[in-house]
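Asker: Sharing a structure here in structure tokens format.
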Amino acid sequence: MTAPVTMRPKPLDPAKFRDPVVTAKGDARATVALSGLRTLWVNTGTLCNITCRNCYIDSSPTNDALAYFSLPDLVAYLDEAAALGAPLTEVGFTGGEPFLNRDLPAMLREVLRRGLSALVLTNAMKPMMNHGPALDALRAEFGGALTMRVSLDHFEPAMHDLERGEGAFGKTMEGLAWLARRGFTLHVAGRLGFGDGAEAAMRDGYAALFATAGIPVDAGDPVALMLFPEMDAGADVPEITTACWGILQKSPDSLMCASARMVVKRRGAARPAVLACTLLPYDSQFEMGATLAEASRPLALNHPHCATFCVLGGAACSR
């Protein structure tokens with residue numbers, strides 16, 4: 001099967017997303033205040049065991065632009081969150097492929113022993129299974145507080161492999177089955193725009209796959225199966241103004257930047273940094289400082305992803 005034929009999107013108007021204060025039309029740009037840090041994302045590093053065709057963070061076996069995050073790095077931020085009185089409940093780990101980072105099991109234990117929930121975004125391939133004994137121990141001790149969210153772009157092998165490489169679907173399904181046999185809490189992340197765009201049909205397809213493979217994921221649950229909108233920073237999208245909240249009947253508190261931040265360690269940097277968003281790891285305007293306190297200021301929605309993924313797409317990386 002080949003990808004569905006779609007019309008080439010209109011290119012982004014170069015006058016848009018230039019000024020963090022006003023839009024190209026001169027309207028006040030929307031901002032989002034941090035209502036409370038409930039989710040802390042950790043980018044474990046951009047290295048990955050595979051190279052995807054459209055990876056938003058350009059992860060690959062050779063891209064180490066974001067270096068491996070370490071246990072001491074994480075402890076410092078968890079301690080700061082506690083000192084600030086942040087309402088932190090969840091720590092999410094993303095990459096790259098998080099299981100390439102040898103500190104991941106120790107970081108998971110640190111999060112879980114503090115009574116927080118942990119979420120790992122993984123392709124569920126060999127790097128994950130290499131940590132089998134450590135993962136089994138964490139599941140036995142902390143149970144459902146640890147969730148594995150497995151990236152499965154489509155329920156049809158050819159569509160998934162079109163993005164992630166020949167044979168990737170089979171390897172990920174093997175990993176899903178491996179996790180299911182061990183009793184892990186499982187979620188799956190797919191791509192809504194990667195199929196025909198009809199969410200009900202996509203969920204039906206995943207449901208059939210999960211039933212056949214014995215994967216205990218409810219495809220009708222929008223958290224257990226997250227279907228993310230496509231992101232194309234070069235396609236034209238509306239800029240979000242302060243008036244949009246009322247027009248769209250949407251609260252800024254519903255966006256993930258109202259309750260989440262991501263920490264990264266840039267290759268060669270003296271110390272880690274705090275970013276506003278998991279989706280924008282390289283845009284300097286979304287780097288908010290070295291501490292969680294510095295990163296607590298409001299954020300201007302000055303990027304196409306803010307519109308496509310979050311405001312208009314209604315998506316969020318957190319549960």
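Asker: Going by how many other beta carbons lie within 10 Å of each one, how would you line up 226, 262, fewest first?
Answerer: Details: 226 20, 262 26.
Fewest-to-most ranking of 226, 262: 226, 262.
Asker: Using a ≥ b ≥ c from the Cα gyration tensor of region 10-127 (square roots of the eigenvalues), is it rounded, prolate or oblate, where a/c under 1.5 gives rounded and otherwise the larger of a/b and b/c decides, a/b for prolate?
Answerer: Verdict is oblate for region 10-127.
Asker: Still on this model: Expected output is a single nm value to one decimal: the length gained when fully extending between residue 10 and residue 254, i.e. 0.36 nm times separation in residues minus the C-alpha distance. What is it?
Answerer: 85.0 nm
Asker: On to the next question. Run the numbers on region 200-319 and let me know its relative contact order in percent, using alpha-carbon pairs under 8 Å that are six or more apart.
Answerer: 25
Asker: With an 8 Å cut-off on Cα pairs and a minimum separation of 6 or more residues, tell me the relative contact order of the chain in percent. It would help to have the intermediate numbers written out before the result.
Answerer: Numbers: 620 pairs, mean separation 77.9, N = 319.
Relative contact order, the chain: 24 percent.
Asker: Using the count of nearby Cβ atoms within 10 Å as a rough guide to exposure, how do 50, 247 rank from fewest to most?
Answerer: Numbers: 50 19, 247 8.
The order, fewest Cβ neighbours first, is 247, 50.
Asker: Now for a separate question. Expressed as a whole number of Å, what is the distance separating the alpha-carbon centroids of region 262-306 and region 219-234?
Answerer: Using only Cα atoms to place each centre, the spacing works out to 23 Å.
Asker: Turning to a different aspect of this structure: With a Förster radius of 35 Å, plug the Cβ-Cβ distance of residue 106 and residue 245 into 1/(1 + (r/R0)^6) and report the FRET value to the nearest 0.05.
Answerer: Once rounded, the FRET efficiency stands at 0.25.
Asker: With a Förster radius of 25 Å, plug the Cβ-Cβ distance of residue 294 and residue 19 into 1/(1 + (r/R0)^6) and report the FRET value to the nearest 0.05.
Answerer: So, using R0 = 25 Å, E works out to roughly 0.65.
Asker: Moving on to the next point. I need the shape label for the chain. Rule: rounded when a/c is under 1.5, else prolate if a/b > b/c, else oblate, with a, b, c from the alpha carbon gyration tensor.
Answerer: oblate
Laboratory data are not the source of any read-out in this text; all were calculated from the coordinates shown. Since the model is a prediction, treat every value here as computed from it, not as a measurement. Positions of Cβ are backbone-derived with ideal geometry, glycine not excepted, and every protein chain shown enters the neighbour counts.
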